[in-house]
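A.B. asks: Structure incoming, see below.
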Amino acid sequence: MFRGSSYHTIDDKGRINIPSRFRELIRNNGGNGLVLSGPGLDEQGLVAYPYKNWEMVEDKILRMAEKSPSMRRFRRIFIGESAECTLDRQGRILIPQSLRDYAGLEKDIVLVGVLDHFEIWSLENWNEEKRKLHEEDMQDEEVSNEIARLGL
């Protein structure tokens, strides 16, 4: 499972280092690469799935009823803008320019483990996401109660 956060920089060519603990999970779940996407989601980060986990995402999307134009659009954009990225010998991946633009990835980035996948955020967007959790979401009684039901 992907856990924890790692702070990195993205180089001029758009490559990022993948932490060794994440590389091991990637190799154990379908090979030497992963699939990135993000457009169509409500956050400003990218999602990164090892191939085996991505296949499960695609299966869910295939089974999804496409009755609404919004769901057809989501499928079209989320899958259509996805990119396969292979780890190089140094344990880096190249993030396509379109995905870098979408997520605002310019220099300082954060890789965040989210169990079956990890996310890639610009440091600025990640700090804003954390602020929203503490200053907005945790002030909402319904959200606080939902988290409390987890027993944390």
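All of the numbers you see were taken from the coordinates with simple rules; none came from a lab. Just so it is clear, the model here is predicted, and its values are computed rather than measured. Note that each Cβ is placed from the backbone with ideal geometry, even for glycine, and that neighbours are counted across all protein chains shown.
A.B. asks: Here are some pairs, Lys107/Lys130; Lys60/Lys107; Lys13/Lys52; which of them have Cα atoms lying more than 29 Å apart in this structure?
C.D. replies: Lys60/Lys107
A.B. asks: Please work out the Cα center distance from the range 7-78 to the range 92-123, rounded to the nearest Å.
C.D. replies: That distance is 10 Å.
A.B. asks: Can you tell which of Thr9, Gln90, Leu36 lies farthest toward the positive end of the dipole of the range 5-148, using +1 and -1 charges on the Cβ of basic and acidic side chains (Lys, Arg; Asp, Glu)?
C.D. replies: My answer, from the dipole projection, is Gln90.
A.B. asks: With runs of 4+ DSSP H residues as the only contributors, calculate the mean residue ellipticity of the chain at 222 nm using -39,500 (n - 2.57) per run, divided by the residue total and rounded to the nearest 500.
C.D. replies: Working: 6 runs with 62 residues, N = 152.
My calculation for the chain gives -12000 deg cm²/dmol from helical runs alone.
A.B. asks: Under unit Cβ charges (Lys, Arg +1; Asp, Glu -1), what dipole magnitude, rounded to 20 debye, does the range 5-148 have relative to its Cα centre?
C.D. replies: Values: 20 positive and 27 negative charges, 180 e Å.
The dipole of the range 5-148 has a size of about 860 debye.
A.B. asks: Another question about this same structure. Going 7 Å from the Cα of Asn32 toward and past its Cβ, which residues in the range 89-113 have a backbone nitrogen under 15 Å from where you end up?
C.D. replies: So the set is 89-94.
A.B. asks: Would you calculate the separation in nanometres between label points at Gln139 and Asp88, each defined as 7 Å from the Cα along the Cα-to-beta-carbon direction?
C.D. replies: Each label point lies 7 Å from its Cα, and together they span 4.5 nm.
A.B. asks: Given the options Ser70, Ser98, Ser122, state which has the largest fluctuation in a GNM of the chain using a 10 Å cut-off (strictly under) for Cα springs.
C.D. replies: Ser70
A.B. asks: Helix hunt in the chain: which complete DSSP H runs extend at least 24 Å axially by C-alpha with mean Kyte-Doolittle at least 0.5?
C.D. replies: Helices passing the filter in the chain: none found.
A.B. asks: Normalised by the empirical 2.2 N^0.38 Å for globular proteins, what value does the Cα Rg of the chain take?
C.D. replies: Working it through for the chain, the quotient is 1.09.
A.B. asks: Under 5 Å between amide H atoms, partner at least 5 residues away or on a different chain: which partners does Ile109 have, H built in plane at 1.01 Å?
C.D. replies: Distant-sequence amide H within range of Ile109: His8, Thr9, Ile10, Leu123.
A.B. asks: A further question on this structure: For a quick check of your reading of the filter: which trypsin sites (Lys or Arg not before Pro) in the range 1-60 sit in a DSSP loop and have no more than 16 other Cβ atoms within 10 Å?
C.D. replies: Arg3, Lys13
A.B. asks: Continuing with the same structure: Students often forget the sequence filter, so: which aspartates and glutamates lie under 18 Å Cα-Cα from Lys67 once same-chain residues fewer than 8 apart are removed?
C.D. replies: Straight-distance partners of Lys67: Glu58, Asp59.
A.B. asks: For the range 5-148, what is the relative contact order in percent, using Cα pairs closer than 8 Å and at least 6 residues apart in sequence?
C.D. replies: After rounding, I find 32 percent.
A.B. asks: Given springs between every Cα pair under 10 Å in a Gaussian network model of the chain, which of Gly80, Gly38, Gly113 has the largest fluctuation?
C.D. replies: Gly80
A.B. asks: Please name whichever of Ile109, Met56, Val143 sits farthest to the positive end of the charge dipole of the chain, dipole taken about the Cα centre and charges placed at Cβ: Lys and Arg +1, Asp and Glu -1.
C.D. replies: So the residue furthest toward the plus end is Met56.
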